[in-house]
Amino acid sequence: MLGFLFAISIALVERSISFQLSRFLSPSTIRSPLVKSSFLEMVSVPHGGKLINTMVFDNAVKNELTSSCDYEVELDERQLCDVELLMQGGFSPLDGYMDEADYKSVVNDLKLTNGLIFGLPVVYDTNDPNIVPGKRVLLKYNRVPIAIMDVTSKYIPNKVLEAKKCYGTTTIEHPAVSMITTERGKYYCGGKITGLNVPAREFPCKSPELLRSELPSDVDIVAFQCRNPIHRAHYELFTRALDDKSLKPNAVVLVHPTCGPTQPDDIPGIVRYKTYEVLKEQTNNPRIFWAYLPYSMHMAGPREAIQHMIIRKNYGCTHFIIGRDMAGCKSSLDGNDFYGAYDAQDFAILNSELVGVTPVPSLNLVYTAEEDYVTADYAKEKGLTIKNLSGTKFRQMLRAGDEIPTWFAFESVVKVLREEAQAAPN
């Protein structure tokens, strides 16, 4: 279960596979009529200018809509995440699944047909012959009605082109290419989504509207995305990001981990959630806000960096921390990396004005015996003693019950991970 890797020395070494950013297009290919000349004018404004919310709260209206459905289907976990973000505005300006024109535009040109930048397609996949344009489909999860889709289109996607354009490769050694090839259905559908019920989760996910109401309205908000438990280096990264020159005084951090499906060897979402909750209590930092995102990771590197920035913009953030190898992944065959260490960071900076969010490159921090956490350059300049603990060694120590150094991991987080490991079936 503890299949995550984290090296405390965040080295400035380029990956063995160099990724060509030209595969993902440059800002010159995108002309958005909805983005003003100065992206500072777009601070905290939802993507496209309006926060989408298609939720229905009146029970009588819900019953009427449900009874009008022609067909019902059960969502898988990935689809559930997409539906929740669609119906509550996380994917604004989308109010439903993309039709073929928007799908092709996003795949080929990194933008919707209205010219607004968008990172990855959001589509409903199916093999079901009963789902056709003009039908109203009830979407359920664990038999609970979640939303209604009014189907407007059904088409056969070019998955090879989608893989090449969005993920930079066509090999199924890439987890997202494998997903769209072996898990998704033959057809994609477009259609308006009407929300009925927010999914009941063990980790509550606040809507963009609710989170916006809880965040301070008069300061910069920098988002920190992660999909693993937070260790000391992570904490140092996002707290020190508050000193970035692009942020105004009194800025705050929103720690906004994804708790949906990630990679098969990642720690389960509910376990990650428990580690975040104990850390929130332990640190009790008034400049740090915590919330959880129902998002299914694609591990798409540069493209996914854009998607994350757009989502966090809809949740009220003005800045986004992008670290080394953001949303990166390795080949399932030879372990080589699909993206360069800073491809996502460079691509985000290149497109930041179009997105309307300022990327904050994360510091390259290392732990030293003499001065705690410092930048790698500073440690080298001063000849400080750098301490490292590999992910493999950390997992071995957890399983053996060995003491974990507090410079590497928080005691509260280690306690949760040990308890969950012991409770997990062999």
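Take region 248-264 and flag every residue that is over 19 Å from the mean Cα position of the chain (by Cα) and either of a type in the set (D, E, K, R) or open to solvent by less than 20 Å² (accessible area, probe 1.4 Å) (or both). Passing the criteria: Lys248, Ala251, Val252.
In region 329-341, what residues are touching a residue at least 60 places away in the same chain (Cβ under 8 Å) and in a loop (DSSP other than H, G, I, E, B)?
Cys329, Ser331, Ser332, Leu333, Asp334, Asn336, Phe338, Tyr339, Gly340, Ala341
Do we find that Ile288 is of a type in the set (A, V, I, L, M), surrounded by fewer than 20 Cβ atoms within 10 Å (Cβ to Cβ) and in contact with a strand residue (DSSP E or B) (Cβ under 8 Å, 6 or more places away or on another chain) in this structure? Against the criterion (of a type in the set (A, V, I, L, M), surrounded by fewer than 20 Cβ atoms within 10 Å (Cβ to Cβ) and in contact with a strand residue (DSSP E or B) (Cβ under 8 Å, 6 or more places away or on another chain)), Ile288 qualifies. All conditions in (1) hydrophobic (A, V, I, L, M, F, W, C); (2) out of contact with any Asp or Glu (no Cβ under 6 Å at 6 or more places or on another chain); (3) assigned to a helix (DSSP H, G or I) hold for Ile270, with the sole exception of (2). Quick one: in region 282-308, of everything that is at pLDDT below 95 and part of a helix (DSSP H, G or I), which residue is nearest to Pro249 (Cα to Cα)? Top of the filtered list is Thr283. A single member of Leu65, Leu40, Leu34, Leu12 is more than 21 Å from the chain's Cα centre (by Cα), hydrophobic (A, V, I, L, M, F, W, C), assigned to a helix (DSSP H, G or I) and modelled with pLDDT under 50, and it is Leu40. Against the numbered list (1) more than 19 Å from the chain's Cα centre (by Cα); (2) open to solvent by 30 Å² or more (accessible area, probe 1.4 Å); (3) aromatic (Phe, Trp, Tyr), Tyr373 comes up short only at (2).
Only a single item in (1) open to solvent by less than 50 Å² (accessible area, probe 1.4 Å); (2) closer than 24 Å to Leu365 by Cα is not met by Lys280, and it is number (1). Selection of region 380-394 for residues being surrounded by 15 or more Cβ atoms within 10 Å (Cβ to Cβ) and either touching an Asp or Glu at 6+ places or on another chain (Cβ under 8 Å) or without any contact (Cβ under 8 Å) to a residue 12 or more places away in the chain (or both) yields only Leu384. Selection of region 386-410 for residues being under 25 Å from Asp243 (Cα atoms) and assigned to a loop (DSSP other than H, G, I, E, B) yields Thr406, Trp407, Phe408, Ala409, Phe410. Listed by position, the strands (runs of 3 or more DSSP E) enclosed by region 123-228 that each have at least 3 residues that are open to solvent by 20 Å² or more (accessible area, probe 1.4 Å) are 136-141, 144-155, 187-195. Restricted to region 173-199, and to residues there that are of a type in the set (A, V, I, L, M) and without any contact (Cβ under 8 Å) to a residue 60 or more places away in the chain, the residue that is nearest to Cys329 (Cα to Cα) is Val177.
Considering the conditions (1) of a type outside the set (Gly, Ala, Ser); (2) open to solvent by 30 Å² or more (accessible area, probe 1.4 Å); (3) in a loop (DSSP other than H, G, I, E, B), Ile52 is excluded by exactly one of them, (2).
Limited to region 68-98, what total is found for residues that are in a helix (DSSP H, G or I) and surrounded by 17 or more Cβ atoms within 10 Å (Cβ to Cβ)? Qualifying residue count for the region: 11.
Please verify whether region 343-356 includes one or more residues that are in a loop (DSSP other than H, G, I, E, B), closer than 29 Å to Lys248 by Cβ and not acidic (Asp, Glu). Outline the logic, then answer.
Taking region 343-356 first, the residues in a loop (DSSP other than H, G, I, E, B) are 351, 356.
If we keep only those that are closer than 29 Å to Lys248 by Cβ too, we end up with 351, 356.
Right, trim to not acidic (Asp, Glu) and you get 351, 356.
Taking every residue of region 343-356 in turn, at least one turns out to be in a loop (DSSP other than H, G, I, E, B), closer than 29 Å to Lys248 by Cβ and not acidic (Asp, Glu).
The values are calculated or read from the model by the stated rules, or taken from the named source; none is laboratory data. This is a predicted model, so every value here is computed, not measured. Here Cβ is always computed from backbone atoms with ideal geometry, including for glycine, and neighbour counts include all displayed protein chains. What goes into the accessible areas is simple: the full protein's heavy atoms, side chains included, and nothing from ligands, DNA or RNA. Shrake-Rupley method; radii C 1.70, N 1.55, O 1.52, S 1.80 Å.
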